[in-house]
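This report refers to the structure that appears directly beneath it.
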Amino acid sequence: MLAPVDHTDQSRRRMFKTLLWVTMCFGVLFSVFNATRGLWLLVGIEVVYTALALYMLVVVERTRHLKALTIIYLIPFLGVMMATLANPDTSVGIFAWIQTIPIILYLLLGLRLGLIGSLIFVSLGLYLYTQHYTEKNPSDSIGFLLDIGMATLAITIFSHTYEYTRAQTEKRLIELISTDYLTGLANRSKLTEIFCRERAHAQRNQSPLALVYLDIDHFKQINDRFGHEAGDMALRHFASVLSQRLRTTDLLCRLGGEEFAALLPNTSAAQAAAIAEALREHLASS
């Protein structure tokens with residue numbers, strides 16, 4: 001069986017790589033720019049962070065802990081941004097970068113962490129602006145603060161709405177492609193996903209795993225004699241009866257037609273044979 005594909009993981013991995021490339025390019029540019037202004041502390045930070053981005057770009061494709069790696073990278077990344085904003089010699093235009101925070105966090109961390117991170121770092125960035133610029137030119141500074149604050153709020157709302165809609169749509173699509181429309185059971189695609197996970201778990205813990213194959217004898221005769229609607233009712237009844245007799249940890253799925261399979265974690269071959277016989281007897285008496 002093929003391993004399931006996590007499209008969300010792939011998408012965020014690509015986004016993270018894009019951010020790493022952007023970080024390296026801008027790190028070089030800003031380090032040169034700040035060097036011409038004599039801001040050697042910022043130059044040192046940007047050089048170190050550019051090297052870190054290069055290292056993460058090498059390991060991002062093979063890491064199994066993408067979210068942890070992303071958080072490890074983003075905290076100092078946003079910290080450098082806040083340190084730059086806190087520098088009294090920084091130009092006012094740098095505060096436009098606050099608007100990129102919600103987009104970056106939602107795309108890389110998802111709904112919950114994206115919202116938390118946006119609230120923290122956007123609020124901190126706007127606070128740093130008030131500390132450095134509102135006293136110098138109150139009328140212009142307050143107007144700029146309102147403009148960038150409202151624009152950032154709008155971007156945050158749009159980012160949140162987009163990520164929520166995307167997550168709900170993805171969840172619904174996953175349900176559609178992993179559920180048999182007739183019986184409501186898991187389908188072959190879902191069995192593939194769960195089997196891969198349970199097999200790895202069984203190998204890791206040296207525990208048994210069984211797969212029982214079931215089908216309905218002479219099912220074609222039901223369709224030929226009573227029609228396909230009666231055949232569909234028989235399939236739903238078959239699925240309902242079997243589901244009631246399995247454990248909550250077991251997975252019953254429809255492979256197609258009248259063919260079904262039951263995945264039984266922590267079940268030996270002898271136990272699986274006994275369960276299959278019990279299912280057959282229960283179905284015959286129902």
Considering only residues that are hydrophobic (A, V, I, L, M, F, W, C) and open to solvent by less than 100 Å² (accessible area, probe 1.4 Å), which ones fall in the range 224-238? ALA230, ALA234, LEU235, PHE238
What tally of residues in the range 172-202 results from selecting those that are touching a residue at least 12 places away in the same chain (Cβ under 8 Å), of a type in the set (D, E, K, R) and in a helix (DSSP H, G or I)? 4
Kindly evaluate THR100 against the criterion of being among the polar types (S, T, N, Q), under 27 Å from GLY38 (Cα atoms) and either open to solvent by less than 30 Å² (accessible area, probe 1.4 Å) or assigned to a helix (DSSP H, G or I) (or both). yes
Residue count, the range 239-270 (criterion: surrounded by fewer than 16 Cβ atoms within 10 Å (Cβ to Cβ), among the hydrophobic types (A, V, I, L, M, F, W, C) and touching a residue at least 24 places away in the same chain (Cβ under 8 Å)): 2
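Conditions (1) open to solvent by 70 Å² or more (accessible area, probe 1.4 Å); (2) of a type outside the set (A, V, I, L, M); (3) within 30 Å of GLY38 (Cβ to Cβ); (4) not in a helix (DSSP H, G or I), marked per residue:
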position	(1), (2), (3), (4)
GLU61	yes, yes, no, yes
ALA83	no, no, yes, no
TYR106	no, yes, no, no
GLY117	no, yes, no, no
ILE120	yes, no, no, no
THR130	no, yes, yes, no
Note: among THR183, THR179, THR192, THR165, just one is exposed (fewer than 13 other Cβ atoms within 10 Å of the Cβ) and modelled with pLDDT of 85 or more, namely THR165
Is it the case, given these coordinates, that ILE148 is over 30 Å from LEU66 (Cα atoms), buried (at least 17 other Cβ atoms within 10 Å of the Cβ) and at pLDDT below 80? yes
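The values are calculated or read from the model by the stated rules, or taken from the named source; none is laboratory data. Every value quoted in this text rests on a predicted model; they were computed, and no experiment measured them. Every residue, glycine as well, gets a Cβ built from its backbone with ideal geometry; the counts of neighbours run over all protein chains shown. Accessible surface areas use protein heavy atoms only, side chains included; no ligands, DNA or RNA. Shrake-Rupley method; radii C 1.70, N 1.55, O 1.52, S 1.80 Å.
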